[in-house]
């Protein structure tokens, strides 16, 4: 439906490594200063947060799970996701499809499925190639 590139284990590994590093940096910042960590977020989760940060033009990359449930009514996930993808293309923000919802959740240390992750700041992250 909306996934426009080939899914591979290699892409999934890169996404996993990137998100784990972002979580590690975010947790380290939170240990130093919780207030600054909230202000200087490295990633955001969820459709509403992604839309908000796209409006602010703060996102560097968006990672979307390819196994989202299909909800086609107006204002459903399909329409919201289509708007997010169109906005990303308009703002030249890369959209990457990979991992499933449960794996995305585990990558960002959540115990619930996560559908979409927005990368706000990836400074200092070097994903091994």
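The values are calculated or read from the model by the stated rules, or taken from the named source; none is laboratory data. Here the structure is a predicted model, which is why all the values come from computation and not from measurement. Virtual Cβ from ideal backbone geometry, glycine too; neighbours counted across all protein chains shown.
Among the residues of segment 35-56, the ones that are free of Cβ contacts under 8 Å to residues at least 12 places away in the same chain and either buried (at least 17 other Cβ atoms within 10 Å of the Cβ) or assigned to a loop (DSSP other than H, G, I, E, B) (or both) come to 2 in all. For residue 63, the criteria (1) under 14 Å from residue 108 (Cα atoms); (2) touching a residue at least 40 places away in the same chain (Cβ under 8 Å); (3) not in a strand (DSSP E or B) hold in every case but one, which is (3). Could you list, in sequence order, all residues of segment 1-16 that are in a helix (DSSP H, G or I) and at pLDDT below 75? Residues satisfying the conditions do not exist here. Just to be sure, is residue 74 more than 20 Å from residue 125 (Cβ to Cβ), out of contact with any strand residue (DSSP E or B) (no Cβ under 8 Å at 6 or more places or on another chain), free of Cβ contacts under 8 Å to residues at least 12 places away in the same chain and not in a helix (DSSP H, G or I)? So residue 74 passes the test.
Take the conditions touching a helix residue (DSSP H, G or I) at 6+ places or on another chain (Cβ under 7 Å), surrounded by 13 or more Cβ atoms within 10 Å (Cβ to Cβ), farther than 16 Å from residue 3 by Cβ and without any contact (Cβ under 8 Å) to a residue 24 or more places away in the chain and apply them to residue 107. Does it pass?
Details: touching a helix residue (DSSP H, G or I) at 6+ places or on another chain (Cβ under 7 Å): yes; surrounded by 13 or more Cβ atoms within 10 Å (Cβ to Cβ): yes; farther than 16 Å from residue 3 by Cβ: yes; without any contact (Cβ under 8 Å) to a residue 24 or more places away in the chain: no.
No: the conditions fail for residue 107.
Scanning segment 70-91 for any residue that is in contact with a helix residue (DSSP H, G or I) (Cβ under 7 Å, 6 or more places away or on another chain), under 24 Å from residue 8 (Cα atoms) and surrounded by fewer than 17 Cβ atoms within 10 Å (Cβ to Cβ) turns up at least one such residue. Looking only at residues in segment 10-34 that are touching a helix residue (DSSP H, G or I) at 6+ places or on another chain (Cβ under 6 Å) and without any contact (Cβ under 8 Å) to a residue 60 or more places away in the chain, the one that is farthest from residue 60 (Cα to Cα) is 30.
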